[in-house]
Amino acid sequence: MATMEKLSNYIDGKLTPPVSGHYLDNIEPAAGTAYSQLPDSDEQDVALAVAAATRAAPAWAATPIEKRSALLHRIADLIEQRLEELARAESIDNGKPIALARTVDIPRAAANFRYFASAIINFTSQAYVTPDKGLNYTLHQPVGVAGCISPWNLPLYLFTWKIAPALAAGNAVVAKPSEVTPMTAFLLSKICIEAGLPAGVLNIVHGLGNKVGEAIVVHPDVPAISFTGGTATGQRIAAKAAPMFKKLSLELGGKNPNIIFADADLDEALATTLRSSFANQGQICLCGSRIYVQQEVYDKFMDAFVAKVRKMQVGDPLEETTKTGAVVSEAHMHKILDYIRLAQEEGGTIVAGGERVVPEGRCRNGYFVQPTIITGLDIGCRTNQEEIFGPVVTVQPFATEKEALALANGTGYGLSATVWTSNLQRAHRVAAALQAGIVWINCWLVRDLRTPFGGMKQSGVGREGGMHALEFFTETKNVCVKV
Ligand code: NAD
């Protein structure tokens, strides 16, 4: 058998093997086989990375903003030049359709660098003049070494969403991508070398969460941790980091409602709901997994929705025409199928999908699940309370706006919500009453990178995006001068 490619860590500007010499298999979910290996790093590699970052941080912080900005633009250029290579790598690593990686994931990774390359130039301080007493002004200073930990669902997109603002703000970074999808982070390390990023400014350590992730979280020389992932992991990180008084940004799970009022444009609601339910196999934290439809239009909506979902083809993510690919791993596929069984035990009816898919050819051992619609479950059941994070939605009718709000707000999560209505007053009223960090009215996943991003309740603490991210990655100092 040919030897598999071994990925490397990126420490102190160099591609570096793990100190232990141990590797983990990297599985292609659509094929169900290992196709490369990633470092099974541990606290020794993290220690080297933090030491390199600590050495590099002062010079990087002192580098003129224009030069930092130019380097980040250069990284964005290289990501754009490598679009095809990166999109293919992301599709193989994650199981997502290559067309989605090409049009969403990789362009957004470049946009993250571009956006923060210019945002840092526009990052201002404030001045407050107290007549005859003092002049106060704020100084935003880098925290030093920032820790960035990201999940597998939008691998390069979310990894760079953290790294770019941390670097732009003048920090050195120790970053850990998900062990489930390490490939594009590895390619990013090569891009950073080619771009001429100074050694130690960005360090990427691959491996498991409880070894590498935790070592970053508890390292005394990493004062800020930006984490995106599951709520249970976020809890564990918060418990470790809080006694050390670290700055923490936690972007966690969701169980997002999608409310369709009878006065909505049903054609648009239907077309977008197909995407918001099943894009990336439902593995986007912002997917709407609980759909509430007002009684008057419930049957009409359901007839069309069920018919379209039953026709959705699941297949090889590397095929250009594929819209629904593989779920990310065997364990995740079983988790999703277990939830579908649980939904039936709880009294739910599967009206579309519900089964594993076994395609022919090279994907016959891959991890595929049919897009699935479940009805007949009330809000209190586990299926409606717990994050499934797969191509599974529940649908339920409602009578009044008050009932819709009670259902929508009836879980422990509060990441995003979508509302479909043509009534302007209702749109604003419902948006204000929803317990969610992001509310979309008559649209979904429309993002302006300047806006705050984050969740309420168990969906997280802190806001990313725009100047919020730059504020997170800096200490704000108040200087007062007597006048
Ligand atoms: P996860 O929590 O299992 O892992 C996320 C990252 O944390 C990985 O890199 C993992 O290795 C690392 N990790 C695991 N245990 C750790 C520990 N003890 N200490 C430090 N790091 C640790 O999440 P996942 O399964 O990779 O991703 C899916 C989850 O992410 C879903 O819950 C989804 O909703 C959430 N998510 C949230 C957002 C958001 O912006 N709110 C965006 C995308 C995904």
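Only the coordinates and a few stated rules stand behind these numbers; no lab work does. Quantities reported herein were computed from a predicted structural model and do not represent experimental measurements. Glycine also receives a Cβ, built like all others from the backbone with ideal geometry; neighbour counts cover every protein chain displayed.
Brief remarks follow.
- Each of MET456, MET183 has some number of other Cβ atoms within 10 Å of its Cβ, and from fewest to most they run MET456, MET183.
- For the chain, the spherically averaged projection of the C-alpha convex hull amounts to 24.4 nm².
- With neighbour counts taken as other beta-carbon atoms within 10 Å, the residues ASP93, ASP267 rank, fewest first, as ASP267, ASP93.
- A cut-off of 5 Å between modelled amide H atoms, ignoring neighbours fewer than 5 places along the same chain, links GLU28 with THR33, ALA34, TYR35.
- Loop-located chymotrypsin sites (Phe, Trp or Tyr not before Pro) in the range 184-256 (DSSP state not H, G, I, E or B) with no more than 11 neighbouring Cβ atoms inside 10 Å: PHE245.
- Dipole-positive endmost among LEU248, MET183, GLN283 within the range 174-295 (Cβ charges, Cα centre): LEU248
- The range 242-318: proportion of alpha-carbon pairs further apart than 15 angstrom, %: 64 percent
- Pair-distance distribution P(r) for the range 402-483, from all Cα-Cα distances in 10 Å bins starting at 0: 16, 38, 26, 11, 6, 2 percent.
- Interchain or long-range residues, amide H under 5 Å from ALA175's placed H: CYS148, ASN203, ILE204, VAL205
- For the range 125-182 versus the range 207-266, the gap between their alpha-carbon centres in whole angstrom: 15 Å
- Table column - 3J(HN,Hα) (Hz), the range 304-309, Karplus curve with 6.51, -1.76, 1.60, x for Gly and Pro: 6, 5, 4, 4, 5, 5
- Estimated 222 nm signal from helices in the chain, with DSSP H stretches of n ≥ 4 weighted -39500 (n - 2.57), rounded to 500: -11500 deg cm²/dmol
- Between ILE441 and VAL419, the built amide H atoms are under 5 Å apart, and every one of these is 5 or more places off in sequence or on another chain.
- Listed values for the range 230-240 are Karplus-derived 3J(HN,Hα) couplings in whole Hz (6.51 cos²θ - 1.76 cosθ + 1.60, θ = phi - 60°), namely x, 5, 5, 5, x, 4, 5, 5, 4, 5, 7, and x replaces Gly and Pro.
- Karplus-derived 3J(HN,Hα) values for the range 313-322, using 6.51 cos²θ - 1.76 cosθ + 1.60 with θ = phi - 60°, are 8, 9, x, 4, x, 7, 6, 4, 8, 5 Hz; glycine and proline are entered as x.
- When you filter the GluC sites (Glu not before Pro) in the range 318-408 for DSSP loop state and at most 12 other Cβ atoms inside 10 Å of their Cβ, you are left with GLU320, GLU355, GLU360.
- Net +/- balance of residues flanking TYR115 in space, Cβ distance below 12 Å, scoring K and R +1, D and E -1: +2
- Reachable lysines from LYS311, criterion Cα separation under 22 angstrom, eight or more residues apart if same chain: LYS96, LYS300, LYS323
- Cα convex hull, the range 256-448: 116 Å³ per residue, rounded to a whole number.
- Its Kirkwood hydrodynamic radius, worked out from the mean inverse distance over all distinct Cα pairs, puts the range 65-146 at 15.4 Å.
- Here the relative contact order of the chain, from alpha carbon pairs under 8 Å that lie six or more residues apart, stands at 19 percent.
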